[in-house]
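All remarks here apply to the structure that follows.
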Amino acid sequence: MTDEWCGWREATRTALYGDEGFYRRPEGPAGHFRTSVHASGLFASAVARLLVRTARELGSGTVDLVDVGAGRGELLTGVLAALPAEDPSLAVRAYAVELAPRPPGLDPAVTWCSGVPSGVRGLLFANEWLDNVPAEVAEADADGVVRRVLVRRSDGAERLGGPVTGEDARWLERWWPLTRPGERAEIGRPRDEAW
């Protein structure tokens with residue numbers, strides 16, 4: 001146990017993607033909740049149809065499909081399985097972008113990588129990703145000064161840290177101004193940059 005304090009962005013990153021983080025545990029997210037990817041094959045079939053349309057628009061018989069935040073590769077596996085019914089001649093290079101290790105038994109046609117590959121020509125899909133980009137939390141103190149909210153690693157207790165400055169302050173002023181003491185906001189600049 002430690003009394004070390006950090007910002008919410010770091011705490012969230014550790015909780016989600018650290019060595020013992022949520023997305024790196026053996027059961028993965030599917031052990032806790034279901035998303036459209038896990039609910040049925042309908043979603044993968046819809047993405048397969050979109051991929052075929054994308055290939056036609058590009059005028060290509062070969063297309064890339066990149067799933068950012070691919071989890072265990074369920075969406076890519078489903079799309080690859082659905083493609084023959086949509087266009088059996090379409091060649092697909094499938095990329096799973098994920099920080100967690102490649103799951104055993106994943107279709108060898110799926111390339112596992114930690115970042116978006118360069119030169120992608122096709123469809124980049126990020127259905128489960130953007131909402132998991134960690135962000136800092138800010139709160140207006142009793143004097144109206146907007147400060148970072150810090151969290152203690154050992155027990156999750158919070159306290160206010162230093163004032164929010166620079167690009168983060170400008171982002172808050174533009175997109176989520178805090179006007180009353182006690183008001184909180186996520187500083188969404190990392191999500192904007194990721195997007």
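The values are calculated or read from the model by the stated rules, or taken from the named source; none is laboratory data. All of these numbers come straight from a predicted model, not from anything done at the bench. Methodologically, a virtual Cβ is constructed for each residue, glycine included, from the backbone with ideal geometry; neighbour enumeration extends over all protein chains shown.
So which residues in the range 142-166 are exposed (fewer than 12 other Cβ atoms within 10 Å of the Cβ) and more than 17 Å from ALA11 (Cβ to Cβ), if there are any at all?
Correct list: ALA142, ASP143, GLY144, THR165, GLY166.
Based on this model, can you work out whether GLU139 counts as touching a residue at least 12 places away in the same chain (Cβ under 8 Å), closer than 13 Å to GLU183 by Cβ, crowded, with 19+ Cβ neighbours inside 10 Å and not aliphatic (A, V, I, L, M)?
Spelling it out, GLU139 is indeed touching a residue at least 12 places away in the same chain (Cβ under 8 Å), closer than 13 Å to GLU183 by Cβ, crowded, with 19+ Cβ neighbours inside 10 Å and not aliphatic (A, V, I, L, M).
Please determine, by comparing only the residues of the range 167-191 that are surrounded by 13 or more Cβ atoms within 10 Å (Cβ to Cβ) and acidic (Asp, Glu), which one is farthest from GLU4 (Cα to Cα).
Only one residue tops the list, namely GLU183.
Only one of (1) in the same structural domain as GLY69 (by TED's automatic domain parsing); (2) not in a strand (DSSP E or B) is not met by ARG180, so which one is it?
Unmet condition: (1).
To keep it simple, each residue is scored yes or no on (1) in contact with a helix residue (DSSP H, G or I) (Cβ under 8 Å, 6 or more places away or on another chain); (2) modelled with pLDDT under 95; (3) farther than 22 Å from TYR23 by Cα.
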{"position": "VAL92", "(1), (2), (3)": "yes, no, yes"}
{"position": "SER114", "(1), (2), (3)": "no, yes, no"}
{"position": "GLU139", "(1), (2), (3)": "no, no, yes"}
{"position": "ARG159", "(1), (2), (3)": "no, no, yes"}
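From (1) in a helix (DSSP H, G or I); (2) in contact (Cβ under 8 Å) with a residue 40 or more places away in the chain; (3) hydroxyl-bearing (Ser, Thr, Tyr), pick out the condition that doesn't hold for THR77.
So THR77 meets the others, but not (2).
Could you please let me know if VAL120 is among the hydrophobic types (A, V, I, L, M, F, W, C), closer than 25 Å to ALA15 by Cα and surrounded by fewer than 18 Cβ atoms within 10 Å (Cβ to Cβ)?
No: the conditions fail for VAL120.
Residue under question is GLY182, and the condition is that it be out of contact with any Leu (no Cβ under 8 Å at 6 or more places or on another chain), under 30 Å from VAL66 (Cβ atoms) and of a type outside the set (S, T, N, Q); does it hold?
no
Restrict the check to the range 101-113 and report whether at least one residue is of a type in the set (Gly, Ala, Ser), in contact with a Leu (Cβ under 7 Å, 6 or more places away or on another chain), free of Cβ contacts under 8 Å to residues at least 40 places away in the same chain and assigned to a loop (DSSP other than H, G, I, E, B). Talk me through it step by step, then tell me what you get.
Narrowing the range 101-113 to residues of a type in the set (Gly, Ala, Ser): 105, 109.
Subsequent filtering for residues that are in contact with a Leu (Cβ under 7 Å, 6 or more places away or on another chain) retains 109.
Narrowing the set further to residues that are free of Cβ contacts under 8 Å to residues at least 40 places away in the same chain leaves 109.
Still in the list and also assigned to a loop (DSSP other than H, G, I, E, B): 109.
The answer is yes; a qualifying residue exists.
From the list ALA11, ALA15, ALA30, which residue is at negative phi and modelled with pLDDT under 70?
ALA30
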